[in-house]
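Below is one structure, written out as structure tokens, with a few remarks after it.
The values are calculated or read from the model by the stated rules, or taken from the named source; none is laboratory data. Every value quoted in this text rests on a predicted model; they were computed, and no experiment measured them. Quick reminder, even Gly has a Cβ in these numbers, built from the backbone with ideal geometry, and neighbours come from all protein chains shown.
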Amino acid sequence: MILRSISLFVTLATITFGCLADSLSVMPFSEYQALVIQNHPLARQAQTLNEEARKGLTLARGAFDPRVEAAYDQKQFNSKEYWQIWSGRLVVPTLPGVDLRAGYDQSSGVYLDNSDFNPRGGLSSLGISIPLGQGLLIDQRRTALQQARLAVNMADADKVRQINRLLLQTAGDFWNWSFSHYRVIFHEEALRLAEIRFSAIRDRVLLGDLPAIDSLEAFIEAQNRKSILLQSVLERDNARLQASNHLWSVDLVPVLIPDRIIPEDPSSVRVAIPDSMALISMLALADSTHPELIRAEARIGQLEADRRWAAERLKPRLSVNYNLLNSGGLPWQQQDYSWTLDDNFKWGFGFSMPLFLREERGRLGVATLKVRQAELELLQSRREVQARVQASRNELEALAGQINIQQQQVLDSERMLNGEQFRFNSGEGSVFLMNTRENALVTARIRLAELQSRFTIAEVRLYWTVGNLIGQPVND
């Protein structure tokens, strides 16, 4: 177990930093997200989504694979050969819906059916089959191929969407860990000051300079801050565990963030708000590249392919086939070299059409309604995406304003504390007011760190609403 923990620590340290020269090493948010994208099981699973879709595309293309057909039939009874029939075909489907055919038939026997009779050298053929009615513009094979191609686009959008959702969650956990860590530092500093004050007041009480109740008040404040510190340490450790849940080694072994690795300070992140021009660019980017919209557009394309195929099925089935024939050899190599279209051929046509077309009309109506419903859903989704982008930008603007106000409050609280410290040293202040001023400063600093953490999360959420979180520099 010890060796396993050491191995995990070395793995995290090696991947993130290469080496740890200082007693504490800071983990940047960009490095943390890089580790998540590289090794997280859900990120790896997302990579397989388009692979599955590409396998489906290969499956759809298989309908156009050339195929070889062969059949052999023989009957012999009482030492008499009734028949021996062999036939072979090569069928080459094409994207326009035309099938090319090449074949060879050979037969022998006493009781051959007239339709199975072939010349002594066999009968070769080369032909073509053309759908002139239903299937001329589109058929089931081409519909499936078109839908499979659109499924690849949908899978790519699903991959981006899944990774974006993962990165948004990890961003929240990382900055929550960061806030919890630096909140502990503030509480540790507050406890250190309270303990120093308690020691100094106790000495002054022993000298008779201050009443004993001041030392009791200082002691109670120190104990109170120690209790708060213990709770914040617990929340920090749990937040680090939550952030560690997203880290995995290359071999898919869970990695625990060591104590000596601390998160990036949220105060180091530059507070910047996209201006109106940047917002317009983001809205345009979201409109063209958001994975939800891309997926919806691809879905409409699939439904439209179904609708076109349903409309095509209103046409009658009319197919024509024509085959060149020759006794052995290639069909166009006639013995007298006088091949013409009116001799040595086999042709035919087939026709069918329902009289009422109720099934076809019903199928077309359903397909048309589905397309319309999907188009309406796309319109609503597009508007919701635009609204989310604008709302995220508004949240950034509000948080930036709060951060500016809170930074001023921290400065004002520091001035108030310094002034109260001067009064206390001059014998005019009180322990209660000193504790109050210090608590106000600690609260202001914690509030500032919380706002800065919320701002970084909101910045990540902004790019998430745009749909372009993967590879997006969050801290520009």
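Considering only segment 64-72, I want to know if a residue exists there that is outside any strand (DSSP E or B) and among the aromatic types (Phe, Trp, Tyr).
Scanning segment 64-72, I find at least one residue that is outside any strand (DSSP E or B) and among the aromatic types (Phe, Trp, Tyr), so the answer is yes.
Quick one: in segment 88-122, which of the residues that are of a type in the set (A, V, I, L, M) and in a strand (DSSP E or B) is surrounded by the most Cβ atoms within 10 Å (Cβ to Cβ)?
Applying the filter and picking the extreme gives 102.
What do you reckon, is residue 440 surrounded by 13 or more Cβ atoms within 10 Å (Cβ to Cβ), touching a Ser or Thr at 6+ places or on another chain (Cβ under 8 Å) and either farther than 27 Å from residue 28 by Cα or free of Cβ contacts under 8 Å to residues at least 24 places away in the same chain (or both)?
Yes, satisfied.
Quick one: would you say residue 341 is among the hydrophobic types (A, V, I, L, M, F, W, C), more than 19 Å from residue 89 (Cα to Cα) and modelled with pLDDT under 90?
Yes: the conditions hold for residue 341.
I'm trying to understand the selection: among the residues of segment 281-295, which are closer than 19 Å to residue 162 by Cα, in a helix (DSSP H, G or I) and not charged (D, E, K, R)?
As a first pass, look at segment 281-295 and keep what is closer than 19 Å to residue 162 by Cα: 285-295.
Right, trim to in a helix (DSSP H, G or I) and you get 285-289, 291-295.
If the condition is that a residue be closer than 19 Å to residue 162 by Cα, in a helix (DSSP H, G or I) and not charged (D, E, K, R), then 285, 286, 288, 289, 291, 293, 294 are the ones that fit.
Can you name the residue in segment 212-223 that is out of contact with any helix residue (DSSP H, G or I) (no Cβ under 8 Å at 6 or more places or on another chain) and surrounded by fewer than 15 Cβ atoms within 10 Å (Cβ to Cβ) and, of all such residues, is farthest from residue 442 (Cα to Cα)?
If we filter segment 212-223 for residues that are out of contact with any helix residue (DSSP H, G or I) (no Cβ under 8 Å at 6 or more places or on another chain), which is where we start, we get 213, 216, 220, 223.
Next cut, surrounded by fewer than 15 Cβ atoms within 10 Å (Cβ to Cβ) only: 213, 220, 223.
Working: 213: 24, 220: 17, 223: 16 Å.
Going through the qualifying residues, I end up with 213.
If we keep just the residues of segment 269-294 that are among the polar types (S, T, N, Q) and without any contact (Cβ under 8 Å) to a residue 24 or more places away in the chain, which is surrounded by the fewest Cβ atoms within 10 Å (Cβ to Cβ)? Before you say what the answer is, go through the steps one by one.
Applying the first criterion (among the polar types (S, T, N, Q)) to segment 269-294 yields 276, 281, 288-289.
Of the ones still in play, those that are also without any contact (Cβ under 8 Å) to a residue 24 or more places away in the chain are 276, 281, 288.
Details: 276: 8, 281: 13, 288: 10.
Filtering first and then ranking leaves 276.
Six or more apart or on different chains, Cβ atoms under 9 Å: show the pairs whose first residue is in segment 419-434 and surrounded by 15 or more Cβ atoms within 10 Å (Cβ to Cβ) and whose second is polar (S, T, N, Q) and assigned to a helix (DSSP H, G or I).
So the pair list comes out as 420/436; 429/421; 431/215; 434/421.
Out of all the residues in segment 317-326, is one or more at pLDDT 90 or above, part of a loop (DSSP other than H, G, I, E, B) and surrounded by fewer than 16 Cβ atoms within 10 Å (Cβ to Cβ)?
Among the residues of segment 317-326, not one is at pLDDT 90 or above, part of a loop (DSSP other than H, G, I, E, B) and surrounded by fewer than 16 Cβ atoms within 10 Å (Cβ to Cβ), which makes the answer no.
Quick check on residue 194: is it within 28 Å of residue 436 (Cα to Cα) and either of a type in the set (Gly, Ala, Ser) or exposed (fewer than 13 other Cβ atoms within 10 Å of the Cβ) (or both)?
So residue 194 passes the test.
Only one of (1) at pLDDT below 90; (2) over 40 Å from the mean Cα position of the chain (by Cα); (3) of a type outside the set (Asp, Glu); (4) not in a helix (DSSP H, G or I) is not met by residue 135, so which one is it?
(2) is the only condition that residue 135 fails.
In the list 422, 432, which residue meets the criterion of being of a type outside the set (A, V, I, L, M) and out of contact with any helix residue (DSSP H, G or I) (no Cβ under 9 Å at 6 or more places or on another chain)?
Exactly one residue qualifies, and that residue is 422.
Since residue 257 meets every condition but one in (1) farther than 30 Å from residue 297 by Cα; (2) assigned to a helix (DSSP H, G or I); (3) in contact (Cβ under 8 Å) with a residue 12 or more places away in the chain; (4) touching a Leu at 6+ places or on another chain (Cβ under 7 Å), which condition does it not meet?
(2)
Table: residues versus (1) under 30 Å from residue 246 (Cα atoms); (2) assigned to a helix (DSSP H, G or I); (3) hydrophobic (A, V, I, L, M, F, W, C); (4) in contact with a Phe, Trp or Tyr (Cβ under 9 Å, 6 or more places away or on another chain).
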position	(1), (2), (3), (4)
177	yes, yes, yes, no
182	yes, yes, no, no
189	no, yes, no, no
200	no, yes, yes, no
204	no, yes, no, no
209	no, no, no, no
213	no, yes, yes, no
219	no, yes, yes, yes
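Scan segment 160-169 and tell me whether some residue there is more than 30 Å from residue 457 (Cβ to Cβ), buried (at least 21 other Cβ atoms within 10 Å of the Cβ) and not basic (Lys, Arg).
The first filter runs over segment 160-169 and keeps only residues more than 30 Å from residue 457 (Cβ to Cβ), leaving none.
No: segment 160-169 contains no residue that is more than 30 Å from residue 457 (Cβ to Cβ), buried (at least 21 other Cβ atoms within 10 Å of the Cβ) and not basic (Lys, Arg).
Could you check, for segment 388-396, whether at least one of its residues is exposed (fewer than 13 other Cβ atoms within 10 Å of the Cβ), at pLDDT 90 or above and among the basic types (Lys, Arg)?
Checked segment 388-396: no residue is exposed (fewer than 13 other Cβ atoms within 10 Å of the Cβ), at pLDDT 90 or above and among the basic types (Lys, Arg).
Scanning for something in a helix (DSSP H, G or I), over 37 Å from the mean Cα position of the chain (by Cα) and loosely packed, with under 15 Cβ neighbours inside 10 Å, does segment 397-408 turn up at least one residue?
Restricting attention to segment 397-408, the residues satisfying the condition of being in a helix (DSSP H, G or I) are 397-408.
Still in the list and also over 37 Å from the mean Cα position of the chain (by Cα): 405, 407-408.
Right, trim to loosely packed, with under 15 Cβ neighbours inside 10 Å and you get 405, 408.
Scanning segment 397-408 turns up at least one residue that is in a helix (DSSP H, G or I), over 37 Å from the mean Cα position of the chain (by Cα) and loosely packed, with under 15 Cβ neighbours inside 10 Å.
From the list 410, 389, which one is within 30 Å of residue 200 (Cα to Cα) and among the aliphatic types (A, V, I, L, M)?
Working: 389 fails: within 30 Å of residue 200 (Cα to Cα).
The conditions single out 410.
Taking segment 74-87, which residues are exposed (fewer than 15 other Cβ atoms within 10 Å of the Cβ) and not in a loop (DSSP other than H, G, I, E, B)? Before the answer, list the steps.
Just the residues of segment 74-87 that are exposed (fewer than 15 other Cβ atoms within 10 Å of the Cβ), to begin with: 74-82.
Passing the criteria: 74, 75, 76, 77, 80, 81, 82.
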